[in-house]
Each structure stands twice: as structure tokens, then as C-alpha cells.
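Asks: There's a structure below that I have some questions on.
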Amino acid sequence: MGGVPHSFRSKFERFDQFIIFIAFIFFPLAIVLAAIRVLATQRHNHCRGRNNRLFGWVLAIAFAILELLMMIGSMEDLTGCLKPQWY
């Protein structure tokens with residue numbers, strides 16, 4: 001009857017994949033790069049879906065890394081008690 005229907009979702013380009021990779025290492029820089037990418041291509045209607053997915057991935061990764069850093073920063077030391085405030 002017919003083949004598999006073609007997915008209408010546009011694929012990420014190499015630069016988009018680079019931005020997502022950078023999000024794992026330098027998440028504030030990735031947010032800036034994604035914003036520049038979105039602002040440069042937002043006027044093209046065919047790029048809007050890809051831009052929204054890119055920005056969503058970058059924000060989700062940045063949120064996860066910030067949560068991880070806050071969890072590490074608020075951990076107690078290995079003895080189970082907090083360090084004294086006087087040093």
C-alpha cells in the first residue's frame with residue numbers, strides 16, 4: 001500500500017548538535033549560542049520547530065546541571081555532620 005510515512009520533523013544540523021554537546025560542558029555558553037542561533041533563523045518558518053527543540057534541549061540540560069551543582073553544593077561531608085561555622 002505504501003511505505004513508511006516520512007517524518008516531518010526537521011533534523012538537527014551539525015551546529016545544533018555542537019550546541020547541545022556544549023550544553024553538557026559549558027551550559028551558560030550553550031544558552032547564549034542557542035539564543036544566537038534562534039535569533040538568526042527565527043524569521044524562516046521552516047526553522048522554527050528545530051529552533052524550539054534546540055532551545056528546549058539546552059534549557060533542560062542547563063536546568064539538570066544546575067540542579068546537580070546545587071545538590072553537590074548542599075551536601076554534608078562524609079561524617080554526616082556539617083562543618084563548624086567558626087573556620
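Asks: With respect to the numbered conditions (1) of a type outside the set (Gly, Ala, Ser); (2) modelled with pLDDT of 85 or more; (3) within 12 Å of the chain's Cα centre (by Cα), which one is the sole condition not fulfilled by Phe27?
Replies: Tallying (1) of a type outside the set (Gly, Ala, Ser); (2) modelled with pLDDT of 85 or more; (3) within 12 Å of the chain's Cα centre (by Cα), Phe27 fails exactly one: (2).
Asks: Please specify each residue of segment 11-50 satisfying the condition of being among the hydrophobic types (A, V, I, L, M, F, W, C), more than 15 Å from Phe63 (Cα to Cα) and open to solvent by less than 60 Å² (accessible area, probe 1.4 Å).
Replies: Residues satisfying the conditions are Phe12, Ile19, Leu33, Ala35, Val38, Ala40, Cys47.
Asks: Please work out which residue is modelled with the highest pLDDT, limiting yourself to segment 1-22 and to residues that are farther than 15 Å from Asn51 by Cβ and of a type in the set (A, V, I, L, M).
Replies: Among those residues, the one meeting the criterion is Ile22.
The values are calculated or read from the model by the stated rules, or taken from the named source; none is laboratory data. Not measured: the values here are computed from a predicted model. Cβ coordinates were reconstructed from backbone atoms using ideal geometry, including for glycine residues, and neighbour counts include every protein chain displayed. With ligands, DNA and RNA removed, areas are computed over all heavy atoms of the protein, side chains included. Shrake-Rupley method; radii C 1.70, N 1.55, O 1.52, S 1.80 Å.
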